[in-house]
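The values are calculated or read from the model by the stated rules, or taken from the named source; none is laboratory data. Please read these numbers as outputs of a predicted model, since none were measured by experiment. With ideal geometry, Cβ positions are generated from the backbone for all residues, glycine too; neighbour counts draw on all protein chains shown. The area values use the complete protein model at the heavy-atom level, side chains included, leaving out ligands, DNA and RNA. Shrake-Rupley method; radii C 1.70, N 1.55, O 1.52, S 1.80 Å.
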Amino acid sequence: MGAGKLVLTLLFLAALVGAVPPAAAEYADVLLNRRSEKEGMRPVVFPHWFHRIRFRCKVCHAELGFKMRVGGNDFKMSDIAEGRFCGACHNGDIAWAPDKCDLCHSGKRGLPTGIYGGHETGGPGRW
Amino acid sequence: MRVSIFQGKTIRLGLAAALVAVVSLSVLAQQGWDTLRKDGIHDPRGPGVKELQEPAEALSKLTKDNTGNQVRWVQALEKGEINPRASIRPDTKIQVYDSDVLLNLKGGMPIVRFPHRQHTLWLDCTNCHDHLFKAETGANKLSMLSILNGEQCGVCHGAVSFPLTECFRCHSVSRPGQAPKPTLPIAIPHGAVPPR
């Protein structure tokens, strides 16, 4: 009986520790993996913090037409090469060109598309 | 009997230790920035992490927050710590609209003051109007449930802009008779009528 309670306590502790998310991503980091891994590339990490220092939200979300919902923007490398979406800046002029594959395709394989870094509410968020 | 007291104590001690561990872990998680190698979404063996800018290098210089990216983004912008471009096309019309809207006039929480200015420094009118909010005061039925579910204000707050744990950054205007800075948790007994 005593051993049982001890095991239960240990399990409870393990569950609590497990419930704390591991140090994961910077707040608002987006991982894009709709096509990357299927095409043999690492998924893309899009860090909002990095871009926000250089551009206001309105540049990408109004001028370039990125929808404000992860997974809402369906584009391919061919779009980028033709100057749409990321390609409006990632053209070797404003930012590095798309031939620098590994700088964007830098994510961990096996992770699904989503917004990472925790929204901290633990509510029924749909991110 | 002795054994059961010992077990009870063990469990209570264990619980206390676990709580302390959880709290200190969450506090630790809020101090400093993870390196890209250790952040859990970058491939630590990939070539990208060797070249990309580390969050700490860029963010440690900006006005500090205790949540999100640990940066007060609006303040960083207003103080000139960052100077992000507002457009990349020469013909884009950049608008900043300076008008506050008071929301949640009948609720129990402090009134929400929505400042257009800070929002339009970053965003374009079309980012919210009219697909998220009608451009008419009182025409939008807002609910915290929707917001917590990633709709309305929750499209950004809780995902990319300051998180929903910061209740009083939005609920910032006290009602008559309300303490100027309420502290959580606010204990309102069931059936009690909130002050108006």
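Selection of first residues in the stretch A:56-76 that are more than 7 Å from chain B (Cβ to nearest Cβ) and of second residues that are surrounded by fewer than 17 Cβ atoms within 10 Å (Cβ to Cβ) and hydroxyl-bearing (Ser, Thr, Tyr), restricted to Cβ pairs under 9 Å at least 6 apart or on distinct chains, gives the following pairs, ordered by first then second residue: A:Val70/A:Thr113; A:Gly71/A:Thr113. Do we find that A:Gly65 is modelled with pLDDT of 65 or more, assigned to a loop (DSSP other than H, G, I, E, B) and not polar (S, T, N, Q) in this structure? Here the answer is yes, as A:Gly65 does meet what is asked.
In the stretch B:163-196, the qualifying residues are those that are under 24 Å from B:His129 (Cβ atoms) and in contact with a Cys (Cβ under 9 Å, 6 or more places away or on another chain), and the one that is modelled with the highest pLDDT is B:Cys170. Just one of the numbered conditions (1) open to solvent by 40 Å² or more (accessible area, probe 1.4 Å); (2) within 8 Å of chain B (Cβ to nearest Cβ); (3) modelled with pLDDT of 95 or more is not true of A:Ala23: (3). Is it true that A:Cys89 is within 17 Å of the chain's Cα centre (by Cα) and crowded, with 18+ Cβ neighbours inside 10 Å? Here the answer is no, as A:Cys89 does not meet what is asked.
Considering each residue of the stretch A:88-121, count those that are closer than 21 Å to B:Ser161 by Cβ, more than 9 Å from chain B (Cβ to nearest Cβ) and aliphatic (A, V, I, L, M), and give that number.
0
Quick grid of which residues meet (1) part of a helix (DSSP H, G or I); (2) at pLDDT below 95:
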residue	(1), (2)
A:Val17	yes, yes
A:Val30	no, yes
A:Phe46	no, no
A:His51	yes, no
A:His61	yes, no
A:Gly83	no, no
A:Cys86	yes, no
A:Gly92	no, no
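Scanning the stretch B:149-181 for residues that are part of a loop (DSSP other than H, G, I, E, B) and within 14 Å of chain A (Cβ to nearest Cβ) returns B:Asn149, B:Gly150, B:Glu151, B:Cys156, B:Gly158, B:Ala159, B:Val160, B:Phe162, B:Pro163, B:Leu164, B:Thr165, B:Glu166.
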